[in-house]
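The values are calculated or read from the model by the stated rules, or taken from the named source; none is laboratory data. Everything numeric in this text was worked out from a predicted model, so none of it was measured. Heads up, the Cβs are rebuilt from the backbone with ideal geometry, glycines too, and the neighbour counts pull from every protein chain shown. Please note that ligands, DNA and RNA were not included when accessible areas were found on the heavy atoms of the full protein model with its side chains. Shrake-Rupley method; radii C 1.70, N 1.55, O 1.52, S 1.80 Å.
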Amino acid sequence: MSSRENAIEMIDITKTFPGVVANDHVNIQVYKNEVLALLGENGAGKSTLMSILFGAYDPDSGVIKINGKEEKIKDPNAATALGIGMVHQHFKLVHNYTVTENIVLGIEPKNKFGMLDLKSAEKRVAELSERYGLRVNPRDIIEDITVGMQQRVEILKVLYRNADIIIFDEPTAVLTPQEIDDLMDIIRRLKSEGKTIILITHKLKEIKAVADRCTVLRRGKTIKTVNVADVSEEDLAELMVGRAVKFEIEKNPAKIGREVLKIENLNIKDHRGRLAVNNLNLSVHAGEVVGIAGVDGNGQSELILGIAGMTKIESGKIIFNGEDITKLSVRKRIEKGIGHVPEDRHKHGIVGQFTVAYNVALKNYYLEPYTKHGIVIDEKEMAMKAEELIKAFDIRAGEGAQTITGSMSGGNQQKVIVAREIDMGGDFLVIAQPTRGLDVGAIEYIRRRILAERDKGRAILLVSFELDEIMNLCDTIATISKGSIVGVFKEGEVTESQIGLMMASTKEKSDDNSDESSSGE
């Protein structure tokens, strides 16, 4: 490093919320033109700290220095004026606007007549896209482009505002393996152009791939800052959780039983009326984990919602324990023993304004023991169950069962959902992205719980973009392309790289069509 000048210093930063000390006298330094990784468990205080730097929160105490000068960052506009940009984990895009309209939102350029000048904005967006290797079409509509492309739009929003310091908050949580590789290249490109990067991530491979140094937080405190080249992934994991972590989960041989779920010639349209699930056939047995591997946008989302009863089936059948449930309601499916961990936890998994207790009881609040005589809800029973699951799943909830779920970190919200679905029992679980946004300790625990349910005889359908998760947990792997199952492999019949190549070839086909149409047809 040619210079050790600090771009950022955060000194003794403290921030509390009801029942939780999110940041407890945290100290970090970020050198100019480096990639600093910020690593920590769910609820360790990473996102809170970066939200303070970006002006979304006021610290209770502490000092922030930008380029050596003490600053009071009262809001995101003040952060932007200081050259700080943040690429949020949950994108802040208007889906029916173009790429350019999203990028200039709030700072729209005007011509000499005071009219919106989109043409000049499109030109600058195209120049920035070319300079940083982002390959984004300024005129594409957001809802018509992939999640990975949407993230590039978020990066362009920051660059358009002339940010020199860029915060990435869990940037790969919703990306495919190929899109993750592309993002790592983009981060390297940004650094080569003189940008300073802070990368919040749980993924140790990403830290090893692009970070110069790594600062570790644990339970709101600064633990250590290390040179990434000097430590292993195992070292980083142990610093993060305070104990050794096993990356490979040992599992017992599968005892595969009767057929629990059978999908026959299933067809489902997406929200735009296009066929997303196309004549799909699949089978899942008791004591078996079947994994779906494929690039995002190939029908996985619609398949999951179809099984759960949350979207219309155009044709075909879903057979559960020998019964045709194709037309049954969501509640009836739950009552028959179908559990569902959704890919979008905020939309389909939790009610953010509810307490943990109410979210735990969200699907069966009308049954005993939560409701007495079918009339009165017993909040004490809800709270007891919530406290039990909080302890069992190590959910970081400052006020226990009465914690407002939306105030918790994304990873802890995910744990609430996984805990509820596993605890409810039943013969079948459809699980989408179960460890998205979780730290390595929580990932290890959730994966063990999934295998424990399989060993109890539960049938599990797993959809995950984490190839190591698919390879590690699944007894059967089904690859999906354009809404159809195109290959089924038993454990040991296919390698991770072979699956990755199949997914990449699907991606290339969709990319080839993207210039003519972004619909994925």
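Structure summary
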read-out	value
All positions within the range 335-356 that are hydrophobic (A, V, I, L, M, F, W, C) and loosely packed, with under 15 Cβ neighbours inside 10 Å	VAL351
Condition broken by GLY299, with the remaining ones in (1) farther than 30 Å from ALA383 by Cα; (2) surrounded by fewer than 19 Cβ atoms within 10 Å (Cβ to Cβ); (3) among the small types (Gly, Ala, Ser) satisfied	(2)
Hits in the range 357-396 - residues which are touching a residue at least 60 places away in the same chain (Cβ under 8 Å) and crowded, with 20+ Cβ neighbours inside 10 Å	ASN359, VAL360
Selection count where residues are more than 15 Å from the chain's Cα centre (by Cα), touching a residue at least 60 places away in the same chain (Cβ under 8 Å) and under 23 Å from VAL295 (Cα atoms), scope the range 147-165	3
Members of the range 67-104 found to be without any contact (Cβ under 8 Å) to a residue 12 or more places away in the chain and of a type in the set (A, V, I, L, M), listed by number	ALA81
Enumeration of residues in the range 152-172 that are in contact with a strand residue (DSSP E or B) (Cβ under 8 Å, 6 or more places away or on another chain) and part of a helix (DSSP H, G or I)	GLU154, ILE155, LYS157, VAL158, LEU159
Criterion: buried (at least 21 other Cβ atoms within 10 Å of the Cβ), in a strand (DSSP E or B) and either without any contact (Cβ under 8 Å) to a residue 24 or more places away in the chain or among the aliphatic types (A, V, I, L, M) (or both) - qualifying residue of VAL226, VAL216	VAL216
Selection count where residues are open to solvent by 10 Å² or more (accessible area, probe 1.4 Å) and more than 20 Å from GLY426 (Cα to Cα), scope the range 443-464	3
Candidates ILE107, ILE64, ILE52, filtered to the one that is under 16 Å from GLU154 (Cβ atoms), touching a residue at least 24 places away in the same chain (Cβ under 8 Å) and among the aliphatic types (A, V, I, L, M)	ILE107
Tally of residues being out of contact with any Asp or Glu (no Cβ under 9 Å at 6 or more places or on another chain), within 22 Å of VAL430 (Cβ to Cβ) and either open to solvent by 70 Å² or more (accessible area, probe 1.4 Å) or modelled with pLDDT of 90 or more (or both) across the range 483-501	5
Flag for ILE404 being touching a helix residue (DSSP H, G or I) at 6+ places or on another chain (Cβ under 9 Å), at pLDDT 90 or above, closer than 25 Å to ALA452 by Cβ and aliphatic (A, V, I, L, M)	no
